[in-house]
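Below is one structure, written out as structure tokens; comments come after it.
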Amino acid sequence: MDEMPIGVIVSLESVLSRGVEGITDLGLAVCQLNSWNPEMYTPENAARVDEILRGKVMISSLWAGWPPPAVWNFIDGPLTLGLVPAAYRAPRIEALKRGADFAKWLGLTDVTTHVGFIPENPATTEYREVVIAIREVASYCRQLGLYFNFETGQETPITLMRTIEDVGLDNLGINLDPANLLLYGKANPMDAVDIYRGLVRGVHVKDGCYPTNGRELGRETPVGEGLVDFPVLLDKLASYGFRGPLIIEREISGPQQKEDILKAKAFLEQIIRNG
């Protein structure tokens with residue numbers, strides 16, 4: 001296995017307030033920049049981020065959020081997340097376009113987001129409207145020379161592939177979050193790579209378990225303690241040409257988050273050494 005660089009997801013607000021602290025103190029030199037606030041997407045903030053990170057930390061992509069509401073479960077999630085709910089779609093399209101502008105100012109190549117619970121049935125009006133909305137955002141990204149990447153989890157792999165086919169643009173990619181595929185009960189992530197194949201442009205290193213009821217997501221765990229078989233996953237990704245980076249994500253806060261990120265880093269380094 002060719003060595004894949006390891007990084008961490010970090011908020012735009014953190015970089016602007018704390019600089020490279022929270023990245024380099026983990027022994028890392030790669031990050032995925034995350035922001036849920038479109039008002040932060042200014043040329044001045046882009047210049048400031050570039051000044052802070054240049055020569056110290058590489059940004060793999062911008063993870064662009066969208067305005068609220070957002071409920072991360074199986075009941076209200078389909079009604080609130082991403083570009084799927086029609087009631088919130090228009091401002092979210094604009095927010096993602098502003099994110100694309102920000103990514104361009106930063107000299108990046110990729111924008112990533114959750115588009116929501118894409119409908120499984122392609123014959124519905126809702127599905128067709130979601131495809132049109134995604135095409136609008138992805139076309140805007142394409143004009144800026146950017147890839148638009150779907151973070152996995154809220155749809156089955158084949159639904160995501162169908163959506164990519166139906167959007168029909170050549171700048172679409174996938175940010176593989178293997179834990180999300182488990183947490184949402186959508187797929188075995190190792191098998192999903194055989195469906196996504198060469199479309200994977202980013203990876204979140206996150207672990208977890210399947211749901212235990214029909215209302216709540218499964219449980220996220222520290223890397224190596226859930227159901228993701230990372231040695232198999234990384235081998236498969238490498239076989240389809242993926243060379244990283246591997247972005248560690250641990251969705252808790254406080255000292256335990258840092259501890260779990262460091263453990264994940266050591267876990268990945270061992271897999272890569274044994275490659």
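Rule-based calculations on the coordinates, nothing more; no lab input. Only a predicted model underlies this, so the values are computations on that prediction, with no experimental measurement involved. Please note: Cβ atoms are built from the backbone with ideal geometry, for glycine as well, and neighbour counts cover all protein chains shown.
Just a few scattered comments:
- Considering only residues in the stretch 120-137 that are in contact (Cβ under 8 Å) with a residue 40 or more places away in the chain, under 17 Å from ILE158 (Cβ atoms) and under 21 Å from the mean Cα position of the chain (by Cα), the one that is surrounded by the most Cβ atoms within 10 Å (Cβ to Cβ) turns out to be ILE134.
- Of all residues in the stretch 90-139 being among the β-branched types (Val, Ile, Thr), part of a loop (DSSP other than H, G, I, E, B) and touching a Leu at 6+ places or on another chain (Cβ under 8 Å), the one that is farthest from TYR184 (Cα to Cα): THR109
- Scanning the stretch 253-271 for residues that are in contact with a strand residue (DSSP E or B) (Cβ under 8 Å, 6 or more places away or on another chain) and either free of Cβ contacts under 8 Å to residues at least 40 places away in the same chain or of a type in the set (A, V, I, L, M) (or both) yields ILE261, ALA264, LEU268.
- Qualifying positions in the stretch 228-262 - among the aliphatic types (A, V, I, L, M) and closer than 15 Å to ASP207 by Cα: VAL228, VAL232, LEU233, LEU234, LEU246, ILE247, ILE248, ILE252, ILE261, LEU262
- Within the option set ARG250, ARG243, being in a loop (DSSP other than H, G, I, E, B), touching a residue at least 12 places away in the same chain (Cβ under 8 Å) and surrounded by fewer than 14 Cβ atoms within 10 Å (Cβ to Cβ) holds for one residue only, ARG243.
- Residue pairs whose Cβ atoms lie under 6 Å apart, separated by 6 or more positions or on different chains, with the first residue in the stretch 193-210 and farther than 16 Å from MET4 by Cα and the second polar (S, T, N, Q) and in a strand (DSSP E or B), are ASP207/THR221; GLY208/THR221.
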